[in-house]
Amino acid sequence: MRVLVIGSGGREHALCRALGLDPQVSELHCAPGNAGIASVAAVHPVVPTDPGEVVALAERLGAELVVIGPEAPLVAGVADAVRAAGVACFGPSAEAARLEGSKAFAKEVMVAAGVPTAGARVCVTAEEAEAAFDAFGAPYVVKDDGLAAGKGVVVTSDRAEALAHAAACGRVVVEEFLDGPEVSLFALCDGTVAVPLQPAQDFKRAYDGDQGPNTGGMGAYTPLPWAPEGLTERVMAEVVTPTVGELRRRGTPYTGVLYVGLALTSAGPKVIEFNARFGDPETQVVLDRLETPLAALLHACATGTLAGRPAPRYRDGAAVTVVVAAEDYPADPVKGDLIEGLDTPAKDAYVLHAGTALDDQGRVVSAGGRVLNVVGTGPDIPTARRAAYEALANLSLRGSHHRTDIAARA
Ligand code: AMP
Ligand code: GLY
């Protein structure tokens, strides 16, 4: 199978790595890719949000499957255009991707489908925000209604800060605060049928001890030994199946991966957010453990043929990933710094590239906020974690920062 992956982050590097290990994949392409992806796939320039460019590239390469990584192309209708050109595409339509693109739309679907989630109100004026803060109480959760790469959310007990965020965003969703550990569950969907992958946990705050601003994610691990028995089945029954059914009923079936971000509250799992794509960096650890060849699985989603396939299988043991972030990420990441130590061999660990590029001398330099993902593996979480941090110690990037407590309490 000739496969084209769209995107340029650590998630796409993980997708390319897994697809590259799949014997069914005869040719692997990625656009635009990054410096690390170039070592596992043929990379091509493309504007990922331009449907015409992506279709032209897919046709030129004779791609039999296009896998869309990030949310922006999905929201821009790239999956619709690829499918309209007759090429199998893993990724939801623009309409279905509104589950991620609009927090208000996601809430509307959840209410219609009876999915457990935080109570919420859409607010445009300061008066509306004040009224919602009074109704839900502190801590206040204020979310930008549009796409914000995980950075549009403020959770605070400081009412002035909450109000200021609402004013800065314009249209926001104010939510009831959900208390409890967070879990990310990915469900592969073919429009009708949905199949869960192994749950993972992500670390959203920038600094140790869950301090600092929200980020796209600073690390992740899988599996979750502490997760309640039957969690995946419960989330499939209470969240994924009703949501996929609701979108189908609306005439906008969901094809691709539905990312369910959950809080495990005392009243059971509740949805914090939906994303219309694989989570980053959870994908890096989940795909590390996935033993089932990836291409056929994604192709089955793209072609509505998931029914009857055996459930995905996993390798025993655990995977932990730690993100190396650029100086001043998430505020205003510094780019263009040299990355050293990438060739140092590591035991039971490897590096996936996120925001990297080659400079004019062919050296790997930082080119984004989250620069590298170091993935450690082992028979259990502490061993995998140790492998990741040992490998990370070989790397150097001026000004970079990373969390030292990823998976420490697992
Ligand atoms: P989101 O972009 O919706 O995933 O929000 C980013 C992060 O903010 C989540 O991972 C949570 O840590 C936090 N958060 C969002 N919504 C809530 C909520 N209703 N209650 C508690 N924390 C939340
Ligand atoms: N890891 C969180 C996200 O992908 O949005």
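For (1) within 16 Å of ligand 2 (Cβ to nearest atom); (2) touching a residue at least 40 places away in the same chain (Cβ under 8 Å); (3) open to solvent by 30 Å² or more (accessible area, probe 1.4 Å), each residue gets a yes or a no:
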position	(1), (2), (3)
228	no, no, yes
237	no, no, yes
240	no, yes, no
256	yes, yes, no
264	no, yes, no
271	yes, yes, no
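Being closer than 24 Å to residue 68 by Cβ and more than 9 Å from ligand 1 (Cβ to nearest atom) is the filter here; which residues of the range 256-270 pass it? It would help to see each step written out before you state the result.
Step one: filter the range 256-270 for residues closer than 24 Å to residue 68 by Cβ, giving 256-262.
Within the range 256-270, 256, 257, 258, 259, 260, 262 qualify.
Could you tell me whether the range 205-212 includes any residue that is more than 28 Å from residue 408 (Cβ to Cβ), open to solvent by 10 Å² or more (accessible area, probe 1.4 Å) and outside any strand (DSSP E or B)? Don't jump to the end; show me each part of the working.
From the range 205-212, those more than 28 Å from residue 408 (Cβ to Cβ) are none; that's our starting set.
No, the range 205-212 contains no residue that is more than 28 Å from residue 408 (Cβ to Cβ), open to solvent by 10 Å² or more (accessible area, probe 1.4 Å) and outside any strand (DSSP E or B).
Go through (1) assigned to a helix (DSSP H, G or I); (2) charged (D, E, K, R); (3) away from ligand 2 (no atom under 16 Å from the Cβ) one by one and return the number of the condition residue 100 breaks.
Single failed check for residue 100: (3).
Please indicate, with yes or no, whether at least one residue in the range 275-287 is more than 16 Å from ligand 1 (Cβ to nearest atom) and open to solvent by 10 Å² or more (accessible area, probe 1.4 Å). Lay out the reasoning, then the answer.
Here is the first cut: in the range 275-287, the residues more than 16 Å from ligand 1 (Cβ to nearest atom) are 284-287.
Pick out the ones that are also open to solvent by 10 Å² or more (accessible area, probe 1.4 Å) and you get 287.
The answer is yes; a qualifying residue exists.
Does the range 89-103 include one or more residues that are in contact with a Phe, Trp or Tyr (Cβ under 7 Å, 6 or more places away or on another chain), under 26 Å from residue 34 (Cα atoms), in contact (Cβ under 8 Å) with a residue 60 or more places away in the chain and within 13 Å of ligand 1 (Cβ to nearest atom)?
First, the residues of the range 89-103 that are in contact with a Phe, Trp or Tyr (Cβ under 7 Å, 6 or more places away or on another chain): 92, 96, 98-100.
In the following step, the residues that additionally are under 26 Å from residue 34 (Cα atoms) were identified as 92, 100.
Checking the rest, the ones that are also in contact (Cβ under 8 Å) with a residue 60 or more places away in the chain come to 92, 100.
Checking the rest, the ones that are also within 13 Å of ligand 1 (Cβ to nearest atom) come to 100.
Yes; the residues of the range 89-103 include at least one that is in contact with a Phe, Trp or Tyr (Cβ under 7 Å, 6 or more places away or on another chain), under 26 Å from residue 34 (Cα atoms), in contact (Cβ under 8 Å) with a residue 60 or more places away in the chain and within 13 Å of ligand 1 (Cβ to nearest atom).
Residue under question is residue 164, and the condition is that it be over 17 Å from the mean Cα position of the chain (by Cα), open to solvent by 30 Å² or more (accessible area, probe 1.4 Å) and more than 10 Å from ligand 1 (Cβ to nearest atom); does it hold? Let's see the steps before the verdict.
Details: over 17 Å from the mean Cα position of the chain (by Cα): yes; open to solvent by 30 Å² or more (accessible area, probe 1.4 Å): yes; more than 10 Å from ligand 1 (Cβ to nearest atom): yes.
Yes, satisfied.
What is the number of the single condition among (1) open to solvent by 10 Å² or more (accessible area, probe 1.4 Å); (2) more than 9 Å from ligand 1 (Cβ to nearest atom); (3) touching a residue at least 60 places away in the same chain (Cβ under 8 Å) that residue 182 does not meet?
So residue 182 meets the others, but not (2).
Residue pairs, Cβ under 9 Å, 6 or more apart or interchain, first in the range 1-28 and at positive phi, second among the basic types (Lys, Arg) and surrounded by 24 or more Cβ atoms within 10 Å (Cβ to Cβ). List them.
From residues that are at positive phi, the pairs are 7/277.
Quick grid of which residues meet (1) closer than 30 Å to residue 296 by Cβ; (2) of a type outside the set (Val, Ile, Thr); (3) open to solvent by 60 Å² or more (accessible area, probe 1.4 Å); (4) within 13 Å of ligand 2 (Cβ to nearest atom):
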residue: 168; (1), (2), (3), (4): no, yes, yes, no
residue: 178; (1), (2), (3), (4): no, yes, no, no
residue: 188; (1), (2), (3), (4): yes, yes, no, no
residue: 193; (1), (2), (3), (4): yes, no, no, no
residue: 203; (1), (2), (3), (4): no, yes, no, yes
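As an exercise: evaluate residue 205 against (1) of a type outside the set (S, T, N, Q); (2) in contact with an Asp or Glu (Cβ under 7 Å, 6 or more places away or on another chain); (3) on the phi < 0 side of the Ramachandran plot and give the number of the one condition it does not meet.
(2)
Exactly one condition in (1) more than 16 Å from ligand 2 (Cβ to nearest atom); (2) more than 30 Å from residue 390 (Cα to Cα); (3) open to solvent by 10 Å² or more (accessible area, probe 1.4 Å) is not met by residue 301; state its number.
Here residue 301 clears every test but (3).
Conditions first: (1) within 25 Å of residue 219 (Cβ to Cβ); (2) outside any helix (DSSP H, G or I). Residue 24 passes all but one, so which condition is the exception?
The number of the failed condition is (1).
Within the set of pairs 6+ apart or on separate chains, which have a first residue in the range 301-323 that is over 30 Å from residue 404 (Cβ atoms), a second that is aromatic (Phe, Trp, Tyr) and open to solvent by less than 70 Å² (accessible area, probe 1.4 Å), and C-beta atoms under 8 Å apart?
Pairs found: 301/90; 302/90.
The values are calculated or read from the model by the stated rules, or taken from the named source; none is laboratory data. Just so it is clear, the model here is predicted, and its values are computed rather than measured. Every residue, glycine among them, receives a Cβ derived from its backbone with ideal geometry; neighbour counts consider all protein chains shown. These accessible areas exclude ligands, DNA and RNA; they are computed on the full protein's heavy atoms, side chains included. Shrake-Rupley method; radii C 1.70, N 1.55, O 1.52, S 1.80 Å.
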